[in-house]
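The values are calculated or read from the model by the stated rules, or taken from the named source; none is laboratory data. In this text, all values refer to a predicted model and were calculated from it rather than measured experimentally. Cβ sites come from the backbone with ideal geometry, for glycine too, and all protein chains shown count toward neighbours. Note: areas computed on protein heavy atoms with side chains; ligands, DNA, RNA excluded. Shrake-Rupley method; radii C 1.70, N 1.55, O 1.52, S 1.80 Å.
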Amino acid sequence: MEYRTLGHTDIRVSAVCQGCWSIVGDSTWGPQDQHDSIAALQACLDAGINFFDTAEAYGDGYSEQLIRKALGDARGEIVLASKVSSERLDDPSSIKSACEASLRRLGTDTIDLYQIHWPSPRANYGEVMGAMEQLRREGKIRAVGVSNFGPGYLDDVLAAGRVESNQLCYSLLWRAIEFNLHARCVEEGMSILCYSPLCQGLLTGKFATADDVPAGRARSRLFSKNRPQSRHGQAGCETELFDAIAKIRQISDELHQPMGNVSLAWLLAQKGVVSVIAGARNAKQAAENAAAAEIRLTSETIARLSEATEAVKAYVGANADMWEATSRMEKRP
Ligand SMILES: NC(=O)c1ccc[n+]([C@@H]2O[C@H](COP(=O)([O-])OP(=O)(O)OC[C@H]3O[C@@H](n4cnc5c(N)ncnc54)[C@H](OP(=O)(O)O)[C@@H]3O)[C@@H](O)[C@H]2O)c1
């Protein structure tokens, strides 16, 4: 496993992070056996993954409890990232109690990286960052991160304090941040942590057609507005999407590597990317994802993979919000 430094901290995180949303099993992911979730988390540790990303919102705290159950005895070996929900930002005094509740569920005294899950248009970021800094001074958190922050919100938050990372949706099939956000994060020295790096499983090649994709995942802007849980009202780009997947499969077959791992390796080769947050749901997936950190793609392969997804990139455009036509990541007047 490769380890990289988080922002300007001395925290070293594995290049592959375990995302702890899908292991809760919910309306997006469908049912999940707890034994599989625990086994997935333990398999991550065995494979050298030391970085675990969760949120108070995942399963309403259940994800944090799962981490305690599976990894409680290994607290000294792991880096824990959690998130405070955006509605707390409107009343910054509630950030402290949210953090303390996460600490209790995680069974720890400190969260290594505490992230703001989404921006809120109503927040006073001076007060929000004041509350985060107070938590840092008290030792309840070690570092502050944000997630889904577009350039305008970054201005606000950076004017008020130090932020080590921006957790963003980024994958071969979701390259929206490349338009105007990626360069900004690099400029600010913020680590980019990539969520949904397998595009919610699409990049593992497990779905042959758009109709095979379960409703919870087909609600992203890549799919037609006619998919049942969709709320974006747009046409989607299902043809371009499955053309791109076929091309990525071809390149991966030539390399004799799983498509998912080639896709993670492509991300890990991008500037500013420190870790890819992949959501393994069982031990087998966890071990496979960890192996992606060992793959070194040539610049020619990286260029071929980028080329394969240009049409999807053009369709998605600069709106990095996976689910809404009007990006919640952009500040509006
Ligand atoms: N900050 C945010 O707003 C935000 C938003 C989304 C996600 N996240 C974070 O990012 C993490 C990952 O994102 P994600 O779960 O949306 O998407 P993802 O990691 O791109 O995809 C997860 C899905 O891919 C499949 N998968 C994973 N590894 C596999 C493997 N080796 N072989 C075959 N299938 C595999 C599993 O699907 P099956 O169910 O089919 O097995 C799993 O449910 C989350 O857990 C969370 O920590 C953050």
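Quick notes on this structure:
- Of the residues contained in region 32-39, none is found to be more than 12 Å from the ligand (Cβ to nearest atom), touching a residue at least 12 places away in the same chain (Cβ under 8 Å), part of a loop (DSSP other than H, G, I, E, B) and over 15 Å from the mean Cα position of the chain (by Cα).
- Selection from region 88-103 of residues that are assigned to a helix (DSSP H, G or I) and either surrounded by 15 or more Cβ atoms within 10 Å (Cβ to Cβ) or in contact with a helix residue (DSSP H, G or I) (Cβ under 6 Å, 6 or more places away or on another chain) (or both): R88, L89, S94, I95, K96, A98, C99, S102, L103
- Extreme residue, farthest from the ligand (Cβ to nearest atom), among residues of region 130-151 that are aliphatic (A, V, I, L, M) and open to solvent by less than 10 Å² (accessible area, probe 1.4 Å): L135
- Cross-chain or 6+ apart pairs with Cβ under 7 Å, region 273-302 first and within 10 Å of the ligand (Cβ to nearest atom), then in a loop (DSSP other than H, G, I, E, B) and open to solvent by 30 Å² or more (accessible area, probe 1.4 Å): G279/W21; R281/Q32; A286/A47; A287/A47; E288/P258; A290/M1; A290/A47
- Members of region 187-202 found to be under 11 Å from V276 (Cβ atoms) and open to solvent by less than 10 Å² (accessible area, probe 1.4 Å), listed by number: I192, L193, C194, P197
- Any hit, region 4-22, residues being in a helix (DSSP H, G or I) and surrounded by fewer than 18 Cβ atoms within 10 Å (Cβ to Cβ): no
- Selection status of R12, within 30 Å of R184 (Cα to Cα) and without any contact (Cβ under 8 Å) to a residue 60 or more places away in the chain: no
- Residue within region 180-198 that is hydrophobic (A, V, I, L, M, F, W, C), near the ligand (Cβ under 10 Å from one of its atoms) and out of contact with any strand residue (DSSP E or B) (no Cβ under 9 Å at 6 or more places or on another chain) present: no
- Verdict on E64 being in contact with a helix residue (DSSP H, G or I) (Cβ under 6 Å, 6 or more places away or on another chain), in contact (Cβ under 8 Å) with a residue 12 or more places away in the chain, part of a loop (DSSP other than H, G, I, E, B) and closer than 19 Å to G107 by Cβ: no
- Count of residues meeting criterion [more than 20 Å from the chain's Cα centre (by Cα) and outside any loop (DSSP other than H, G, I, E, B)] in region 200-231: 3
- Among residues of region 136-149 that are in contact (Cβ under 8 Å) with a residue 60 or more places away in the chain and within 17 Å of S275 (Cα to Cα), none has a Cβ under 6 angstrom from a residue that is part of a helix (DSSP H, G or I) and open to solvent by 40 Å² or more (accessible area, probe 1.4 Å) at a sequence gap of 6+ or on a separate chain.
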